[in-house]
Number of protein chains: 2
Amino acid sequence: MRAEILAVGSELLAPTRHETNGAYITGRLQEAGVEVGARVTVADDHELLASAFRGALARADLVIATGGLGPTADDLTREAAAHALDRPIVRDAAILESLKARFARYNRVMAAVNAKQADVIEGARVLPNRNGTAPGQALEVGGRMLFLLPGPPWEMEAMFEADVFPRIAERAGGAVLRTRVLRIASMAESDVEQLVAPVYSTFQNPRTTILGGAGDVELHLTASGSSPAAAEGAIEELAGLIRARLPGRIYSEDGRRLPAVVGALLRERSLTLALAESCTGGLLAARLTEVSGASAFLDRALVTYSNAAKVDLLGVEASLIERHGAVSEEVARAMAEGARSSAAASIGIGITGIAGPEGGSAEKPVGLVYVALSGAAGTRVRRALFPGDRDRIRQQATQAAMEMVRRGLLGLATEA
Amino acid sequence: MRAEILAVGSELLAPTRHETNGAYITGRLQEAGVEVGARVTVADDHELLASAFRGALARADLVIATGGLGPTADDLTREAAAHALDRPIVRDAAILESLKARFARYNRVMAAVNAKQADVIEGARVLPNRNGTAPGQALEVGGRMLFLLPGPPWEMEAMFEADVFPRIAERAGGAVLRTRVLRIASMAESDVEQLVAPVYSTFQNPRTTILGGAGDVELHLTASGSSPAAAEGAIEELAGLIRARLPGRIYSEDGRRLPAVVGALLRERSLTLALAESCTGGLLAARLTEVSGASAFLDRALVTYSNAAKVDLLGVEASLIERHGAVSEEVARAMAEGARSSAAASIGIGITGIAGPEGGSAEKPVGLVYVALSGAAGTRVRRALFPGDRDRIRQQATQAAMEMVRRGLLGLATEA
């Protein structure tokens, strides 16, 4: 069973705009074992739209269109689909009444233009819209399924879950897809690939894709099976082999990102954290506090951008900065120790580096970052040279710091 | 002149993936006055692809496909386009030689599979690939233009700029599109819309779209004209009317976001900033330091998550917190003043609030945030109740704080 998704609306073709309904529907269809063959975003133009519907209905067993069901002149989805199907449109009296009643509830008289939302393609089943005015439509055309859904995500998703997904899942006959994401911090994508490709490339099911972010690599394992348990079993078989290739390196298999994982480890152990950030400028603190409940472990973070702030707030000696420079192993160490003692925290983190694009030199290039971790057992400093632009360098520095905390708490060997 | 863009590759249909080539090409075509009628993302499947090419060539004057030009079995763009056009494919001897030479330069023997990259649709002009192996192809088909470009963005963009865009611009006949983005902070999208819709809706050219983010609204004004100056002139006419409707509210018309604008204002005036953040957890500092050069104005930021940190680092009196609670006008004020005096900075900012999802009460609900600004003229506190989830509340709080700084520096009235 193969699907095609049409997103209708000229505004969706703006270069700055991401169309999100298609991603949502694709994800849900995958879970039902339905493959998406194409996604089409099309402008509000009758001829274009009718042509897109004809193409989709020729190629796919299931066509889902979103958008263009509103009351205005550029809402053309109903008319274009009817044209492509060569079927007439009829005005549905029951919908018309319910539209009028809806307006009456808000003490408003319905403008005539809204009546268009009661237009239904002959033979279509009407799908109620719990979160808006425009109803959806469902058709069967020569064994193919066609759904017209509203564009606003909260309207579309509610209708999709209530009236569309159950019918598709039933038709798809029970084959399911499941995806698990294994996450690895502070390793290069190519290093991960080299270690695990010999394993995953021997599997047809699950399929594996690697996505590399800044200091974060994701392995997406997607398996199909006759049941959720069968698909999960296929994933677990491969995941076990991958784990053996990356001992201690996979920080999450349950969707959580590194801040949530590190935060949970700290909370479980009733440990507290104090941060001293220079080049990351508060980004590590901001990421650790993305998750509610960070107050249980994060006492304070000191963004010490100036040297005076390092001296005042962290007790870093001015002579140390003079001797080694603000970006140095020695200053990172003093920052971590200063943050820890300032807060009487279990763990102190110090980060200093050159995020660029300005400020680099031959000796201390852009991307050079020192991350120090200070705990009861002493202080360790990691020196790294991160590639990429300012944003990627800062992201990688925060990933490295959190991975150091994670490895320390789990008693894993320190990284290379 | 109307364009359609095809992105080829099953991996692009993954729910987590954003296809970026289409946005790039759409933006450039707009600048050349070419409207994009549809964007299609299609799986690596010969029949699907050929059908997508047929549809696009029926609907558009210009078709640009990206991806599927590599050497492997699932690279099918050449064959599918040839099939749709009903033209044969010929192997180009010159390309084959240059492929072999490229491999020889790296002391490698070319695997046979790579020869496929020398396949050219009959009648196509070959487009050299400066950044990779797969060449592109350009065809004229009954007055329509068809381009096949490689998928990796750095290969695609170099080829597009060198060999595709100039021909399209020439064919488009000199009409150009220009877009200007007006940005407004700390206003609801609906409030902006209500003020400016009566103005922009009377204009056919420019077209205006409104995009709302967290504490940030963008007005995109897109005009076509016979020259860049004519398009800019049309934009300026409308922008002037919008400015009059939003006096002092537009913080940027040149692409810069609020952190860059506020940072530049501080640098120009040689003023320094010290931050005390609670619920935003370092996000304001992280955003202000996204731009290189923040060390000129940002002395320090104190993320005082615990009450002890507020007392220790900012000199907030413990009794004040006890009396009014950590989330209160009084504590926000003391945080701003404490940050300012700790750093001897020109301006101090204090932010305290409830970002949720936990921690709210009837009296102090999730979304309640106090932002205080302390300067030579005294301290002001703004109380806000922000809608949305934790992330949106934190973003809005940082926008509110930066907008307070901006308005203060420019001597604009404080906001309602």
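Throughout, read-outs are computed from the coordinates displayed, never taken from laboratory work. Nothing here was measured: the structure is a model prediction, and the numbers come from that model. Methodologically, a virtual Cβ is constructed for each residue, glycine included, from the backbone with ideal geometry; neighbour enumeration extends over all protein chains shown.
Some observations on this one:
- Distances between copies at A:E317, taken between label points 7 Å from Cα along the C-beta direction, are 3.9 nm in increasing order.
- Neighbouring partner chain Cβ atoms per residue of B:275-281, average, 10 Å criterion: 4
- Using alpha carbons only: equivalent-ellipsoid semi-axes of the range B:222-342, gyration tensor based, whole Å: 41, 16, 11
- Taking packing as the residue-averaged number of other Cβ atoms within 10 angstrom, the listed peptides A:10-21, A:277-288 run from highest to lowest as A:277-288, A:10-21.
- Spatial extent of the range B:178-252: Rg and Dmax, with the Cα atoms as the point set, Å: 11.8, 36
- Rounded to the nearest angstrom and listed largest first, the equivalent-ellipsoid semi-axes of the range B:312-354 from its Cα gyration tensor are 18, 11, 7.
- Partner shielding of A:47-60 amounts to 4, given as the average count of beta-carbon atoms from other chains within 10 Å of each residue beta-carbon.
- Per residue, the convex hull spanned by the Cα atoms of the protein assembly as shown amounts to 188 cubic angstrom.
- Rounded to 5, percent antiparallel among DSSP beta bridges of the range A:258-410: 60 percent
- Other protein chain C-beta atoms within 10 Å of residue C-beta, averaged over A:305-317: 4.
- Nearest 10 degrees, 0 to 90: helix A:46-59 Cα axis against chain A principal axis: 80 degrees
- Kirkwood-type radius of chain A, with distances r between different C-alpha atoms, in Å: 25.1 Å
- Among B:406-414, B:305-313, the order from most to least packed when residues are scored by Cβ within 10 Å on average: B:305-313, B:406-414
- Reported value for the range A:102-230: 189 Å³ per residue, from the convex hull of its C-alpha atoms.
- On the principal axes of its alpha-carbon atoms, the range B:2-172 has extents of 45, 35, 32 Å, going from largest to smallest.
- Helix B:390-410 vs. chain B, principal-axis angle (Cα, 0 to 90°, nearest 10): 70 degrees
- Look at where the Cα atoms of the range B:166-184 and of the range A:383-416 average out, and the two centres are 43 Å apart.
- In chain A, a dipole from Cβ-located charges (positive for Lys and Arg, negative for Asp and Glu) runs towards its positive end, and of A:L6, A:S346, A:N114 it is A:S346 whose Cα lies farthest in that direction.
- Summarising the strand pairing of chain B, around 60 percent of its internal DSSP beta bridges are antiparallel.
- The lysines whose alpha-carbon is closer than 29 Å to the alpha-carbon of B:K116, local same-chain residues fewer than 8 away aside, are B:K100.
- Label-zone membership for the range B:361-385, site B:D191, 7 angstrom Cα→C-beta point, backbone N under 14 Å: B:382-385
- Acute angle (nearest 10 degrees) that the helix A:329-343 long axis makes with the longest principal axis of chain A, alpha-carbon atoms: 80 degrees
- Of the beta bridges in the protein assembly as shown, as assigned by DSSP with both residues counted there, near 65 percent are antiparallel.
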